[in-house]
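J.: Before we start, here is the structure in question, set down as C-alpha cells.
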Amino acid sequence: MKRIFAMALCTLLLAGCGAAAPSAGAAPSAAPSQTVSSSAVPSAPPAVQPLSGQPLAAGTAVSRPAAVMVDNSASASARQWGTSSASVVMEALSEGKSTELMLWFDSLAAVPKTGPAAPGRDVFWQAALPENSILVQKGMNLYAENLLNCYAWQPLDALMLGVNCFDFDGSDPAAEDANCWYTQGASLANGLAAYGMSAEGTVPQWQTFGTPVQGNPLAAAAVGYSAASATTFKWENGVFNMYRTDGSAQLDANTGAQVAFNNVVVLYASAGVKDDKYTRDYDLTGGSGLFLVNGTWQAISWKKGDAAAPLQLLDAAGAPLTLSAGKTYIGIYGGFAGQSVTLSDAAGTAIDPGLAAPAPMATPVPTAAPTADPAAAPASAA
C-alpha cells in the first residue's frame, strides 16, 4: 500500500509545475539515498561495461554511470565537448525548436571535458535513473525538479556547485557565456564529495550486447525533430556517422573527430504537451521503434513503465534486442507536427519502414492528430 501511495504521489508531482527553482547560492544539502528501485539492481555485477558492452579491464569494478546534459542549440554546436566519448547519446525535443542531448558515460573516469552544460529535463532523467546514474546539469525545469524530488535524487548542478564542479572556457571571445560552462570527471568527483556521495555502486546491465541480427540494408536515416532541428546518420566506413541539421558533420570540440555510432535506435513514443502548454510530454511506457546496426535496419518494440523502470529494447519476436558492443544513439520521435523519420538506400530512394507515427497522448492540453507543435515559450521560461 505504501508503494502504491508513493507512486501516486510521484505522478501528482510530475504532473504539476508549482515548485520553486533552486537558489543559485544555496549550500549543498545532506546527500539523499541514490537508489531508485531494488527491482532494477542485479544480484551480480556485469562482466562488461553496462552502457557500452565493452569488456571491463582486469581488476576493474563497475562504477556508476554519469549522465551529462549538453546544449544542442545552433549557437552551441562549435563548442560541444565530449560527444564522441559518450557510450550513449540520447536526443529529444523537450522545449522550443532545438533538441537537447544527454551524454551518458560508463563512469566518472570516462568523462572528458564535456559541455556546454545544459538544464536537466525529465524525459532524459527517466532513462538515466534506473541505471543508478550520476545526473549532471545546469539548472532544470520544474518537471525535472519534481521527478528528482520524488525519488530524493541529488543531481550535480552548476547553479548549486559552481566552480566546485564546473569550469568556464572563455578561450573564444565570440562565444556566448551560456556555451562556456563544462565539466569533467575530476570536477564531478569534487561535486560528489560536496554531497558525501560515492561514484561506486551497483549498476544494472543496460541492454543485451553480442552479435546483432542483421536487418534490411540502408544507407542513411534522418530524424526530423522540428523545422529547425534534424539529425542524420550515414553508414560510412563501418559506422553510422552523425550529421547536424545543416548537413555538416557532428564534431567533438575536444578532438575534432566526427561523432559516430555502432547502434542507432529511434523510439516511437506517444506525445503531447505538459500543463505549462510548452514543454513536450512523452509516454515512456512503451511503443514501436527502429534499430539500425551494421548498415541495416529493422522494426523493434520497446517498453519501460514508470520513471524507475529500466528501458527494455525488444526484437520483432518480443525477445531482448541484441546490440553491438560500442556506442549507441537513442532518439525519441513523438510524431509532433513537423517531425519525421526517413530511411533511404544507397541510391537515395526512400525506404518505407511500415511504422505508423505515434498517436497523440492524453494530456492536460487537448491535442489533435498529429500532435500540435507547442507555441513559442513565454519570456520567463527557463
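The values are calculated or read from the model by the stated rules, or taken from the named source; none is laboratory data. Everything numeric in this text was worked out from a predicted model, so none of it was measured. Here the Cβ positions follow ideal geometry from the backbone for every residue, glycine too, while neighbour counts run over all protein chains shown.
J.: Which of (1) within 22 Å of SER288 (Cα to Cα); (2) modelled with pLDDT of 95 or more does ALA257 not meet, given it meets every other one?
T.: Going through (1) within 22 Å of SER288 (Cα to Cα); (2) modelled with pLDDT of 95 or more one by one, ALA257 breaks only (1).
J.: Output the residues belonging to the stretch 64-101 that are farther than 20 Å from PRO112 by Cα and hydrophobic (A, V, I, L, M, F, W, C).
T.: Restricting attention to the stretch 64-101, the residues satisfying the condition of being farther than 20 Å from PRO112 by Cα are 73-75, 92-99.
ALA74, ALA92, LEU93, listed by residue number.
J.: Next question. Output the number of residues of the stretch 52-107 satisfying the condition of being at pLDDT 95 or above, of a type in the set (A, V, I, L, M) and over 19 Å from GLN207 (Cα atoms).
T.: Number satisfying all stated conditions: 6.
J.: Can you name the residue in the stretch 229-267 that is among the hydroxyl-bearing types (Ser, Thr, Tyr) and outside any loop (DSSP other than H, G, I, E, B) and is also nearest to THR83 (Cα to Cα) among such residues? Even if it seems obvious, please write down each step before you answer.
T.: We begin by selecting, within the stretch 229-267, every residue among the hydroxyl-bearing types (Ser, Thr, Tyr); these are 229, 231-232, 243, 245, 248, 255.
Then keep just the ones that are outside any loop (DSSP other than H, G, I, E, B); that gives 229, 231-232, 243.
Values: SER229: 17, THR231: 14, THR232: 15, TYR243: 12 Å.
Going through the qualifying residues, I end up with TYR243.
J.: Sort through ALA357, ALA308, ALA347 and tell me the only one that's closer than 16 Å to ALA220 by Cα and either of a type in the set (S, T, N, Q) or assigned to a loop (DSSP other than H, G, I, E, B) (or both). Spell out the reasoning first.
T.: Details: ALA357 fails: closer than 16 Å to ALA220 by Cα; ALA308 fails: closer than 16 Å to ALA220 by Cα.
That would be ALA347, the only listed residue that is closer than 16 Å to ALA220 by Cα and either of a type in the set (S, T, N, Q) or assigned to a loop (DSSP other than H, G, I, E, B) (or both).
J.: Something else now. Among the residues of the stretch 171-182, is there at least one that is within 30 Å of LYS304 (Cα to Cα), touching a strand residue (DSSP E or B) at 6+ places or on another chain (Cβ under 6 Å) and surrounded by 24 or more Cβ atoms within 10 Å (Cβ to Cβ)? Give the derivation first.
T.: So in the stretch 171-182, the residues within 30 Å of LYS304 (Cα to Cα) come out as none.
Among the residues of the stretch 171-182, not one is within 30 Å of LYS304 (Cα to Cα), touching a strand residue (DSSP E or B) at 6+ places or on another chain (Cβ under 6 Å) and surrounded by 24 or more Cβ atoms within 10 Å (Cβ to Cβ), which makes the answer no.
J.: Give the residue, chosen from THR328, THR322, that is in contact with a Pro (Cβ under 6 Å, 6 or more places away or on another chain), surrounded by 15 or more Cβ atoms within 10 Å (Cβ to Cβ) and closer than 20 Å to VAL213 by Cα.
T.: Numbers: THR328 fails: in contact with a Pro (Cβ under 6 Å, 6 or more places away or on another chain).
Step by step, each of THR328, THR322 is checked, and only THR322 is in contact with a Pro (Cβ under 6 Å, 6 or more places away or on another chain), surrounded by 15 or more Cβ atoms within 10 Å (Cβ to Cβ) and closer than 20 Å to VAL213 by Cα.
J.: Only one of these is part of a loop (DSSP other than H, G, I, E, B), closer than 30 Å to ASP283 by Cβ, of a type in the set (Ser, Thr, Tyr) and touching a residue at least 12 places away in the same chain (Cβ under 8 Å): SER85, SER94. Name it. Reasoning before the result, please.
T.: Numbers: SER85 fails: closer than 30 Å to ASP283 by Cβ.
Going through SER85, SER94 in turn, just one is part of a loop (DSSP other than H, G, I, E, B), closer than 30 Å to ASP283 by Cβ, of a type in the set (Ser, Thr, Tyr) and touching a residue at least 12 places away in the same chain (Cβ under 8 Å): SER94.
J.: Restricting to the stretch 267-282, name every residue that is of a type in the set (Phe, Trp, Tyr) and closer than 17 Å to GLN312 by Cα.
T.: In the first step, residues of the stretch 267-282 are kept if they are of a type in the set (Phe, Trp, Tyr); the result is 268, 278, 282.
Passing the criteria: TYR268, TYR282.
J.: I need the full set of residues from the stretch 277-317 which are crowded, with 19+ Cβ neighbours inside 10 Å and among the acidic types (Asp, Glu), in order please.
T.: ASP281
J.: Now, a different point. Taking interchain pairs and intrachain pairs at least six residues apart, which have beta carbon atoms under 6 angstrom, with the first residue in the stretch 53-82 and more than 19 Å from PHE261 (Cα to Cα) and the second crowded, with 19+ Cβ neighbours inside 10 Å and at pLDDT 95 or above?
T.: So the pair list comes out as SER63/SER107; ARG64/ASN132; ARG64/ILE134; ASP71/PRO116; ASP71/ALA118; ALA76/PRO116; ARG79/PRO116; ARG79/ALA253.
J.: In addition: Do we have any residue at all in the stretch 111-123 that's touching a residue at least 40 places away in the same chain (Cβ under 8 Å), touching an Asp or Glu at 6+ places or on another chain (Cβ under 6 Å), surrounded by fewer than 24 Cβ atoms within 10 Å (Cβ to Cβ) and closer than 23 Å to ALA253 by Cα?
T.: No: zero hits.
J.: Inspect all residues belonging to the stretch 163-170 and state whether any of them is in contact with a Gly (Cβ under 9 Å, 6 or more places away or on another chain), of a type outside the set (D, E, K, R) and closer than 29 Å to ALA269 by Cβ. So that I can check it myself, show each step before the final result.
T.: Within the stretch 163-170, the first condition is being in contact with a Gly (Cβ under 9 Å, 6 or more places away or on another chain), and the residues that meet it are 164-167, 169.
Keeping just the survivors that are of a type outside the set (D, E, K, R) gives 164-166.
Add one more test, that the residue is closer than 29 Å to ALA269 by Cβ, and what stays is none.
No; the residues of the stretch 163-170 include none that is in contact with a Gly (Cβ under 9 Å, 6 or more places away or on another chain), of a type outside the set (D, E, K, R) and closer than 29 Å to ALA269 by Cβ.
J.: Could you say which residue among GLY289, GLY326, GLY338, GLY331 is within 20 Å of ALA127 (Cα to Cα), in a loop (DSSP other than H, G, I, E, B) and touching a residue at least 24 places away in the same chain (Cβ under 8 Å)? Steps first, please.
T.: On the way: GLY289 fails: in a loop (DSSP other than H, G, I, E, B); GLY338 fails: within 20 Å of ALA127 (Cα to Cα); GLY331 fails: in a loop (DSSP other than H, G, I, E, B).
Sole residue among the options that is within 20 Å of ALA127 (Cα to Cα), in a loop (DSSP other than H, G, I, E, B) and touching a residue at least 24 places away in the same chain (Cβ under 8 Å): GLY326.
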